[in-house]
Each structure stands twice: as C-alpha cells, then as structure tokens.
1. Looking at segment 121-138, which of its residues are surrounded by 16 or more Cβ atoms within 10 Å (Cβ to Cβ) and assigned to a helix (DSSP H, G or I)?
2. I'm trying to understand the selection: among the residues of segment 12-43, which are in contact with a strand residue (DSSP E or B) (Cβ under 7 Å, 6 or more places away or on another chain), within 13 Å of Leu255 (Cβ to Cβ) and surrounded by fewer than 20 Cβ atoms within 10 Å (Cβ to Cβ)?
3. Under 7 Å between Cβ atoms, at least 6 apart or on separate chains: pull out the pairs that start in segment 117-134 with a residue that is over 18 Å from Phe96 (Cβ atoms) and end on any residue that is outside any helix (DSSP H, G or I) and not small (Gly, Ala, Ser).
4. Might you check whether a residue that is within 16 Å of ligand 4 (Cβ to nearest atom) and among the hydrophobic types (A, V, I, L, M, F, W, C) occurs anywhere in segment 146-157?
5. Of the residues Tyr52, Tyr70, Tyr46, which single one is among the aromatic types (Phe, Trp, Tyr), open to solvent by 10 Å² or more (accessible area, probe 1.4 Å), under 13 Å from Thr84 (Cα atoms) and in contact (Cβ under 8 Å) with a residue 24 or more places away in the chain?
6. Would you please name the residue that is surrounded by the fewest Cβ atoms within 10 Å (Cβ to Cβ), looking only at residues in segment 73-104 that are part of a loop (DSSP other than H, G, I, E, B) and more than 16 Å from the chain's Cα centre (by Cα)?
7. Can you tell me which residue among Leu231, Leu255 is outside any strand (DSSP E or B), closer than 23 Å to Asp33 by Cβ and not polar (S, T, N, Q)?
8. Filter segment 132-159 down to the residues that are near ligand 1 (Cβ under 10 Å from one of its atoms), among the hydrophobic types (A, V, I, L, M, F, W, C) and at pLDDT 95 or above and list them by number.
Amino acid sequence: MTRFADLHLHTYHSDGTRSPREVIDLARERGLDIVAISDHDNIAAYFEVKRYADERGVLLIAATELSCGYDGVDVHILAYAFNTFDERIDERLRRFREVRHRRGHAMVDKLKTLGYEISLERVEQLAAGGAMGRPHVARALVERGYVASINEAFDKLLGGGKPAYVEKARFAVVEAVALIHDAGGLLSVAHPTLYRDHERIVPELLDAGVDAIEIFHPNVDEENRERYRNLARFRGKFVTGGSDDHGTAKEVGTLGSVRVPEALIGPILERV
Ligand code: AMP
Ligand code: ZN
Ligand code: FE
Ligand code: FE
C-alpha cells in the first residue's frame, strides 16, 4: 500500500498553534503516514515526539524551514533528513532564534511609538520559547483589538515596508545549502510561487544546490505545479509537498489537504 506524506507543518515551537503531539494525532487521523514538522529555525518538535510518532506508526522526518535571502527576496527553504545532532546546525539555528527574539522586542517598541500598546510578555508567551516571529506580534495585536485579523496586522503594520516592520537576519542560500548537505540532508524551495520574480529565482535556487521544489502546496496552482514539476525533472531534481498547516494561526493549508505519495520523495526517505 502506498504511504502518503505531508512535509510542511508548523507547531507552537514556531508560529503554529498546535502541539507536536496534536500534529501527529491529527496527521494519523487524516490518513498520513509520513510527516515532517518544519518549524521555523528549530527542530524541538522532532526531539519531543519522534518516539511518540514511531509508536503510532507515523514516520517523522527531521525538518526545519529556513528564512534565506536571495537577491533581496525573502526565500523559504525547507531542510530535511539532516543529522539532528549536527553542532553547526544547532549553533546556527540558536543564533537565528536569538535574533528573532531581539527583533520581537524591537517590533513591540516600534508599535508603542505608533500608539499600539502590546506587552512583550504576551508576545513571548505566544512564541512559547520557540522561534518568535511576526505572527506572534500579529496575534497580540488582534487580542488587544487593534486589528481584526492577523492579515490586517501584516497589511497595516508588520508587512515589509510597513511602519512596524523590522528586518531579520537571513541565511545566504549557499550557506544554507552547504550547512544542510554537510549534515547529510536535502533542501526544497518552499511555496515557490510566493516570491517576486519566481520564474527567474526558482531555477537559480536549483543551480545554487537546492535539491527539490515544493510543488504541492495550497498556494501553488495547477499551472505552476506543472511548470515546476517539469523544471525539477529537467534539472535532475525532485519534488516535495506539504499543507503548511499553522493550526488556527493562519488560513493557509489544513493538515490533510496535501497528500504526497511516497514514491515522489524517495531521496528523502533513503536518508532517514
Ligand atoms: P517572520 O519569520 O517573523 O518574518 O514572519 C514571517 C511569517 O509570517 C511567514 O512565515 C508567514 O507564516 C507569516 N506571514 C507573512 N505574511 C503574512 C500575512 N500577510 N498574513 C498572515 N501571515 C503572514
Ligand atoms: Zn510559519
Ligand atoms: Fe514559509
Ligand atoms: Fe511554513
């Protein structure tokens, strides 16, 4: 029997709302056999529920979603099946989380000067010790009634170029590629259609050493799926997919809405 995978999921260790256990339970309930929890800048969920997943017949693959800079564009790259005890990865991710935390402070300060009083403590609580991000700040703004939705928070205040936006450190793509390859892992371009000029950028990311393209994602339409399926094939790369579920934090995809047959992700399965 063919097994099905969702290789792009978030928990409360980054900007999702579910616990890692809830993700595993829900994945199983919705007929998934292979799962990668790809929280931003951390792999806490993997250590927390690897055993739990095994016991329930779910193959959990180590993963994280890295924010990379390429040509001035914020590009997300998914890393899979790397050695989770690699010290350089651990060190690098820890530094990114520290920067995220300082940036959280800076955003709260900026909002205050703009007349939006949210507490740093609340943002920290929402981030729950994981990778703090704009979605946590957005949720605090919604809670205080300053905006009606997380989307409105981004549109009015937190999006790039908006009044409370604060820059964040990013990986250079070549650095992310070297780091993950050295630790035995593989990389995939997350939600390829979400980048300005993606038709030019995605092929260049493959040239830079990224191994796959996430063609199954709620934001990738049929036409682009075909475009990038063909590109991957011509370049000797492979394809991945996932729902990008964030629990109730974001209406992107819902767990179970993307089911990737295991035959497509052989290169990842060979490494676990
Ligand atoms: P950060 O990593 O802190 O810069 O936050 C980026 C994250 O915010 C992305 O991974 C998305 O999950 C989320 N995000 C970006 N734009 C929006 C938006 N317009 N509405 C809701 N969430 C967004
Ligand atoms: Zn996210
Ligand atoms: Fe992303
Ligand atoms: Fe994501």
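1. Selection gives Arg122, Val123, Glu124, Leu126, Ala127, Arg134, Pro135, His136, Val137, Ala138.
2. Those that are in contact with a strand residue (DSSP E or B) (Cβ under 7 Å, 6 or more places away or on another chain), within 13 Å of Leu255 (Cβ to Cβ) and surrounded by fewer than 20 Cβ atoms within 10 Å (Cβ to Cβ): Thr17, Gly31.
3. Ile118/Arg144
4. Within segment 146-157, one or more residues are within 16 Å of ligand 4 (Cβ to nearest atom) and among the hydrophobic types (A, V, I, L, M, F, W, C).
5. Matching residue, one of Tyr52, Tyr70, Tyr46: Tyr46.
6. First, the residues of segment 73-104 that are part of a loop (DSSP other than H, G, I, E, B): 81-86.
The next check asks that each one be more than 16 Å from the chain's Cα centre (by Cα); those that pass are 83-86.
Numbers: Asn83: 15, Thr84: 16, Phe85: 8, Asp86: 16.
Within segment 73-104, the match that is surrounded by the fewest Cβ atoms within 10 Å (Cβ to Cβ) is Phe85.
7. Numbers: Leu231 fails: closer than 23 Å to Asp33 by Cβ.
Every option except Leu255 fails the conditions.
8. Listed by number, the residues that qualify are Met132, Val137, Ala138, Ala153, Phe154, Leu158.
The values are calculated or read from the model by the stated rules, or taken from the named source; none is laboratory data. Quantities reported herein were computed from a predicted structural model and do not represent experimental measurements. Virtual Cβ from ideal backbone geometry, glycine too; neighbours counted across all protein chains shown. The accessibility values were calculated without ligands, DNA or RNA, using every heavy atom of the protein model including side chains. Shrake-Rupley method; radii C 1.70, N 1.55, O 1.52, S 1.80 Å.
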